[in-house]
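The values are calculated or read from the model by the stated rules, or taken from the named source; none is laboratory data. These figures come from a predicted structure and were not determined experimentally. Quick reminder, even Gly has a Cβ in these numbers, built from the backbone with ideal geometry, and neighbours come from all protein chains shown. Please note that ligands, DNA and RNA were not included when accessible areas were found on the heavy atoms of the full protein model with its side chains. Shrake-Rupley method; radii C 1.70, N 1.55, O 1.52, S 1.80 Å.
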Amino acid sequence: MPASLKLRDLIKQIRAAKTAADERSVITKECATIRSQFREEDNECRARNVAKLLYIHMLGYPAHFGQLECLKLIASPKFSDKRIGYLGAMLLLDERQDVHLLVTNSLKNDIGHSNQFVAGLALSALGSICSQEMSRDLAGEIEKLLKCQNAYLKKKALLCARRIVQKVPELMEMFIPHMRSMLQEKNHGILVTTVSLITEMCLLSPDVRSHFRKQVSNLVRTLKSLSMSGFSSEHDVNGVGDPFLQIKIIRLLRILGRGDADTSDNMNDILAQVATNTESSKNVGHAILYESVLCIMEIKAEGGLRVLAVNILGRFLLNTDKNVRYVALNTLLKTVSV
């Protein structure tokens, strides 16, 4: 049997191919070698072979015969094997295949692993390939992680909860009680994922929307601290404090304020501050201003605030960047139709 190629050597051979036929020949030959090594249960080269299969899959060639090998790597006690195995599962498995269900037990074991990085791999995979059956089996494990003190695991668990809620909306009831405390967190990663989860739940249920309207004051306070705070190297993007979190909060405020005059009134001042003080000469500022305009136009905002939003769109239309002008025209079209 020919020796197993290293991944970088396979990549060199594929890149050296002069024609598509040459490329297919290299890949067909390597796939045959990989299949024979899989049949012989070559544990030493399994991770390397799966890594090569993932590269072949990325090029558009079939690599489904490596699915079971991914499960064997996931079951390995070695972190390096698990890392390749979970990456392979995320790329090669989907919920339409029965093999997908075989990974559930490994996920459950690894989510509770003492090594946070092994648990992180399992959570990343669950957030990517979670099905309805997996959601019901593992929702309890995710809820436990929402109570832990480890920020690394907590933010990943929140993203898994979002995926679970998308797949099985009735399971959101177990996550709602944890959200209030999550909004008090100082860690920006936890805040971003919490706001993402709350947004998803609010989109799915009007009752949940009513429940979270009580948290508007907390959201406004967080947004104010972000927009008014000074420079922070950890979260600064081109002079703007954590624009990703700002945009997610404004989007959630838009959903909560839609059709509710009292809630809209509570967010008028902060929207005016964001719209007035955000740096508008860079793309990151444009993103926040665009989301602010959408929010102002959808909630029951004051007349002066609506004028401010239209003026922002007017500045967008004068921008030299065609993408910014296109966004402004689209938004104006929505505004006119409303």
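Points to keep in mind about this one:
- Cβ pairs under 8 Å, 6+ apart, first in segment 238-255 and touching a residue at least 24 places away in the same chain (Cβ under 8 Å) and under 12 Å from Thr193 (Cα atoms), second open to solvent by 10 Å² or more (accessible area, probe 1.4 Å) and among the small types (Gly, Ala, Ser): Lys248/Ser196
- Scanning segment 77-96 for residues being touching a Lys or Arg at 6+ places or on another chain (Cβ under 9 Å) and either crowded, with 18+ Cβ neighbours inside 10 Å or without any contact (Cβ under 8 Å) to a residue 24 or more places away in the chain (or both) gives a total of 3.
- Candidates Gly60, Gly66, filtered to the one that is within 14 Å of Leu92 (Cα to Cα) and loosely packed, with under 12 Cβ neighbours inside 10 Å: Gly60
- Considering the conditions (1) under 30 Å from Lys186 (Cα atoms); (2) touching a residue at least 40 places away in the same chain (Cβ under 8 Å); (3) among the polar types (S, T, N, Q), Asn49 is excluded by exactly one of them, (1).
- Residue in segment 97-110 that is under 20 Å from Ala63 (Cβ atoms), buried (at least 22 other Cβ atoms within 10 Å of the Cβ) and over 21 Å from the mean Cα position of the chain (by Cα) present: yes
- Members of segment 98-119 that are among the small types (Gly, Ala, Ser) and at pLDDT below 95: Ser106, Gly112, Ser114
- Test: Ile198 is at pLDDT 95 or above and under 22 Å from Leu271 (Cα atoms): yes
- Which numbered condition Lys300 fails, given (1) in a loop (DSSP other than H, G, I, E, B); (2) under 18 Å from Arg251 (Cβ atoms); (3) open to solvent by less than 90 Å² (accessible area, probe 1.4 Å): (3)
- Residue ID - surrounded by the fewest Cβ atoms within 10 Å (Cβ to Cβ), chosen from residues in segment 159-172 that are of a type in the set (A, V, I, L, M) and within 19 Å of His188 (Cβ to Cβ): Leu159
- Hits in segment 268-279 (condition: closer than 15 Å to Asp242 by Cα and touching a Leu at 6+ places or on another chain (Cβ under 6 Å)): Thr278
- All conditions in (1) in a helix (DSSP H, G or I); (2) surrounded by fewer than 18 Cβ atoms within 10 Å (Cβ to Cβ) hold for Lys186, with the sole exception of (1).
- Residue match in segment 308-327 (condition: open to solvent by less than 80 Å² (accessible area, probe 1.4 Å), under 27 Å from Val216 (Cβ atoms) and under 28 Å from the mean Cα position of the chain (by Cα)): yes
- Here the condition is being in a helix (DSSP H, G or I), over 28 Å from Met172 (Cα atoms), open to solvent by less than 10 Å² (accessible area, probe 1.4 Å) and not polar (S, T, N, Q); of Val284, Val274, it holds for Val274 alone.
- When residues of segment 218-241 are limited to those that are open to solvent by less than 50 Å² (accessible area, probe 1.4 Å) and assigned to a helix (DSSP H, G or I), the one modelled with the lowest pLDDT: Ser227
- Pick from segment 31-57, criterion more than 17 Å from Leu73 (Cα to Cα) and over 34 Å from the mean Cα position of the chain (by Cα), ranking: most open to solvent (accessible area, probe 1.4 Å): Ala32
- Just one of the listed residues (Lys156, Lys248) is in contact with a Gly (Cβ under 9 Å, 6 or more places away or on another chain) and buried (at least 20 other Cβ atoms within 10 Å of the Cβ), namely Lys156.
- Residue count for segment 106-145 satisfying the condition of being closer than 16 Å to Leu73 by Cβ and touching an Asp or Glu at 6+ places or on another chain (Cβ under 9 Å): 6.
- Residues satisfying the stated conditions in segment 118-142, i.e. open to solvent by 50 Å² or more (accessible area, probe 1.4 Å) and farther than 22 Å from Leu92 by Cβ: Arg136
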